Amino acid sequence: MPKNHSNEHRLNTWKEIAQYLGCGVRTCRRWEIELGLPVHRVRDSGKSRVYAHKDEIDEWLNVRRQNNSHPRNNISIKKIFIKKIGPVFLIPVLLGLFYVFYNLWENKNPKSFKIVGTELVILNEKDKEIWRFDTKVNNLVTEEEYLNRSQFKRRNSKTHHVYLPYVSIEDLDNDSKKEVLFSIQTQDNFNEGLLLCFNHKGKELWRFQGGKELTFGNEKFSHDYRIDGFGVEDLDNDSNMEILVISDQRYFYPTQMVVLDNSGEMIGEYWNSGRLTDFVCKDLDEDGHKEIIVAGMNNEYKKAALIVFDSTRVDGASPQGSDYKCSELSQGTEKYYVLFPRTDVDRLDNLLETILSVKLLQGRRLSVLTKFSNIFFELDYNLEIKEIHISNSFEQNHRNAVKLGRISSSLNEEYLDNLKNGLLYYDGESWVPQATVSNPWPDSSN
C-alpha cells in the first residue's frame with residue numbers, strides 16, 4: 001500500500017509530533033535517538049526544522065507493539081523495575097557495602113594486645129595486628145602479667161587481694177573508637193611511673209607521669225614512683241570517661257591518687273601518707289556525680305583507712321601530725337576519712353594494718369576487709385558502722401594466740417562491740433568516734 005505523504009498527514013513540528021503520540025516533546029526527542037522514531041529534517045536558513053508523516057509513525061508504533069517494545073511499555077517496565085524489582089537487588093548491594101565498610105572499621109578498632117619484647121602490639125577482634133608501640137624498656141613484665149591486669153579490677157578469690165589494671169582498651173570520649181591506656185611495668189619495679197594514652201590508630205594522645213619530689217615531716221621522698229594501677233569511670237554521667245590513677249612512692253609512702261579527664265588533663269590530685277589499695281565509685285548522695293571511695297592505710301596511725309571524695313573536688317593531703325605532714329600540700333578535701341581499729345591478734349606480728357578490698361553491697365552498704373586481722377566491716381552510705389563479721393581465719397588465729405599465751409582476750413560480744421566503737425572519723429580538726437564528715441557536703445540545691 002503506497003504511503004500517504006500528503007500535507008494533511010504531515011506533522012510539521014515537535015509539538016505536533018508529541019501531540020500525535022500523546023507524550024511530551026522531550027520524550028519524542030529521546031525516542032528518536034533511542035528507538036528510531038521516524039523524524040525528518042529540512043535544512044534552511046541555518047535552521048533545522050523537523051517533520052514526520054503520520055503513516056510512518058503508525059507503522060513504527062505497530063512494529064513496537066508486535067515486538068512488545070512500545071515506548072510506553074518500555075517506560076512501564078523501567079518503572080516496575082525501579083519501584084519493585086530494583087530494591088530486591090539494591091538491598092543486598094547496600095548490605096554488602098555496609099558489611100565491607102563495617103569490617104574495615106571494625107578491623108581498625110583495638111580489641112586486645114600482646115607484648116613482644118619491648119613492644120606493645122595492639123590487635124583487632126580477629127587477633128590481627130593494627131599497630132605497635134616500642135617502649136624501649138628491655139625488662140617489661142611478662143605478657144601474662146599484663147593480661148592478668150588488663151581491662152578491669154580483679155580480686156583473688158582466696159587471698160582477696162585486689163589488682164588494678166595496667167592496660168585498658170576503652171572508648172574514653174564516646175566516639176565509637178577505642179583508646180588504649182598502657183602503663184609501663186618492669187621486672188625490677190623501677191621507671192614505672194608512666195601512663196600512656198593512644199588513639200585507635202596508635203597515635204599517642206597524651207602521657208601522665210606519676211609522683212613528684214615532696215617532703216613529709218623531715219623526710220624527703222624522691223620522684224621515683226610506680227603506677228600501681230588505674231581505673232576508668234564515668235564520674236559525672238556525661239558519657240565521657242575519667243581515669244583514676246594510683247601511684248606509689250618506690251620505697252615507702254606517700255601514695256598519689258589523681259583524676260584525669262579523657263584528654264589527660266589532671267582534674268584532681270590527693271596525697272595519702274600510706275599506701276592505697278583499692279577504690280570503688282558510687283553516687284552516695286544521689287546528686288548525679290559519683291563519689292570516689294578509696295581504701296588503704298595510714299602510716300602514722302598504723303591503721304587501715306577508708307577515704308571518701310566528692311569527685312568534683314579532689315585535692316590536698318590526708319590529715320596527719322607534723323611528722324607525716326607535707327607543708328607543700330593543703331588540707332585534704334575528703335568528705336570522710338575513717339580509721340579502723342586494730343586487734344590484739346593482728347598487732348602480734350604486724351607493724352600496721354591495711355584494707356585489702358572495698359565492695360558495694362545491696363541496701364546502700366559498703367564492706368571493707370582488713371588484711372591481717374581478716375575482719376569484714378559493713379558501713380552504710382553515711383559511713384556509720386552497721387555490722388562486723390569475723391572470718392574463720394581470725395577465729396583460728398585468736399584461738400592459737402590464746403593457747404600460746406600471747407593474748408588473753410575472749411572472742412565475745414564485748415570484743416565485737418569494742419571493734420564497732422573503735423572506728424575514728426576526722427571532723428576537719430580532730431579524730432572523733434562518731435560518723436562525721438571532714439568537709440561539708442556541697443549544697444545540692446545550688
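The values are calculated or read from the model by the stated rules, or taken from the named source; none is laboratory data. Quick caveat, the model's predicted, so the values are computed rather than measured. Please note: Cβ atoms are built from the backbone with ideal geometry, for glycine as well, and neighbour counts cover all protein chains shown. Each accessible area value is taken on the protein alone, full model and side chains, heavy atoms only, with ligands, DNA and RNA left out. Shrake-Rupley method; radii C 1.70, N 1.55, O 1.52, S 1.80 Å.
List pairs: first in the stretch 329-348 and over 16 Å from residue 299 (Cβ atoms) and free of Cβ contacts under 8 Å to residues at least 24 places away in the same chain, second acidic (Asp, Glu) and in a loop (DSSP other than H, G, I, E, B), Cβ under 8 Å, 6+ apart or cross-chain?
330/315
Which residues, counting only those in the stretch 17-29, are at pLDDT below 85 and open to solvent by 60 Å² or more (accessible area, probe 1.4 Å)?
26, 29
I'd like to verify a number: residues in the stretch 413-425 that are outside any helix (DSSP H, G or I) and in contact with a Ser or Thr (Cβ under 7 Å, 6 or more places away or on another chain), how many?
Of the residues in the stretch 413-425, 1 are outside any helix (DSSP H, G or I) and in contact with a Ser or Thr (Cβ under 7 Å, 6 or more places away or on another chain).
Filter the stretch 262-282 down to the residues that are assigned to a loop (DSSP other than H, G, I, E, B) and closer than 30 Å to residue 200 by Cβ and list them by number.
Hits for the stretch 262-282 are 262, 263, 264, 265.
For residues that are open to solvent by 10 Å² or more (accessible area, probe 1.4 Å) and of a type outside the set (A, V, I, L, M), tally how many sit in the stretch 259-281.
10
Which pairs turn up if I take residues in the stretch 414-437 that are under 16 Å from residue 308 (Cα atoms) and look for partners that are surrounded by 15 or more Cβ atoms within 10 Å (Cβ to Cβ) and small (Gly, Ala, Ser) with beta carbon separation below 6 Å, at least 6 apart in sequence or on another chain?
Matching pairs, first to second residue: 425/435; 426/438; 428/438.
Going by the structure shown, is residue 220 at pLDDT 95 or above and either over 25 Å from residue 369 (Cα atoms) or among the small types (Gly, Ala, Ser) (or both)?
Numbers: at pLDDT 95 or above: no; either over 25 Å from residue 369 (Cα atoms) or among the small types (Gly, Ala, Ser) (or both): yes.
Answer is no for this residue.
If you scan the stretch 308-349, which residues turn out to be part of a loop (DSSP other than H, G, I, E, B), at negative phi and of a type in the set (Gly, Ala, Ser)?
Answer for the stretch 308-349, where residues must be part of a loop (DSSP other than H, G, I, E, B), at negative phi and of a type in the set (Gly, Ala, Ser): 311, 318, 321, 327, 330, 332.
When you check residue 228 against the structure, is it assigned to a loop (DSSP other than H, G, I, E, B), charged (D, E, K, R), open to solvent by 10 Å² or more (accessible area, probe 1.4 Å) and touching a residue at least 24 places away in the same chain (Cβ under 8 Å), yes or no? Break it down stepwise before answering.
Values: assigned to a loop (DSSP other than H, G, I, E, B): no; charged (D, E, K, R): yes; open to solvent by 10 Å² or more (accessible area, probe 1.4 Å): yes; touching a residue at least 24 places away in the same chain (Cβ under 8 Å): yes.
No: the conditions fail for residue 228.
For residues that are farther than 24 Å from residue 419 by Cα and touching a strand residue (DSSP E or B) at 6+ places or on another chain (Cβ under 8 Å), scanning just the stretch 303-322, find the one that is most open to solvent (accessible area, probe 1.4 Å).
By that ranking, first place goes to 313.
Please enumerate the residues belonging to the stretch 162-178 that are open to solvent by 60 Å² or more (accessible area, probe 1.4 Å), in a loop (DSSP other than H, G, I, E, B) and in contact with a strand residue (DSSP E or B) (Cβ under 9 Å, 6 or more places away or on another chain). Write out each step before concluding.
Initially, the stretch 162-178 is screened for residues open to solvent by 60 Å² or more (accessible area, probe 1.4 Å), giving 163, 173-178.
Those left that are additionally in a loop (DSSP other than H, G, I, E, B): 173-178.
Once the filter is applied, which keeps residues that are open to solvent by 60 Å² or more (accessible area, probe 1.4 Å), in a loop (DSSP other than H, G, I, E, B) and in contact with a strand residue (DSSP E or B) (Cβ under 9 Å, 6 or more places away or on another chain), the stretch 162-178 yields 173, 178.
For the stretch 94-159, please list each of the strands (runs of 3 or more DSSP E) lying entirely inside it that holds at least 1 residues being modelled with pLDDT of 90 or more, touching a helix residue (DSSP H, G or I) at 6+ places or on another chain (Cβ under 8 Å) and surrounded by 13 or more Cβ atoms within 10 Å (Cβ to Cβ).
112-116
Can you name the condition, by its number, that residue 243 falls short on among (1) open to solvent by 30 Å² or more (accessible area, probe 1.4 Å); (2) more than 14 Å from residue 295 (Cα to Cα); (3) not in a loop (DSSP other than H, G, I, E, B)?
(1)
Go through the stretch 323-349 and count every residue that is open to solvent by 10 Å² or more (accessible area, probe 1.4 Å) and small (Gly, Ala, Ser).
2
For the stretch 289-306, check the following and say yes or no: at least one residue is β-branched (Val, Ile, Thr) and assigned to a loop (DSSP other than H, G, I, E, B).
no
Being assigned to a loop (DSSP other than H, G, I, E, B) and either touching a His at 6+ places or on another chain (Cβ under 7 Å) or open to solvent by 70 Å² or more (accessible area, probe 1.4 Å) (or both) is the filter here; which residues of the stretch 189-218 pass it?
Those that are assigned to a loop (DSSP other than H, G, I, E, B) and either touching a His at 6+ places or on another chain (Cβ under 7 Å) or open to solvent by 70 Å² or more (accessible area, probe 1.4 Å) (or both): 190, 191, 201, 203, 211, 212, 213, 218.
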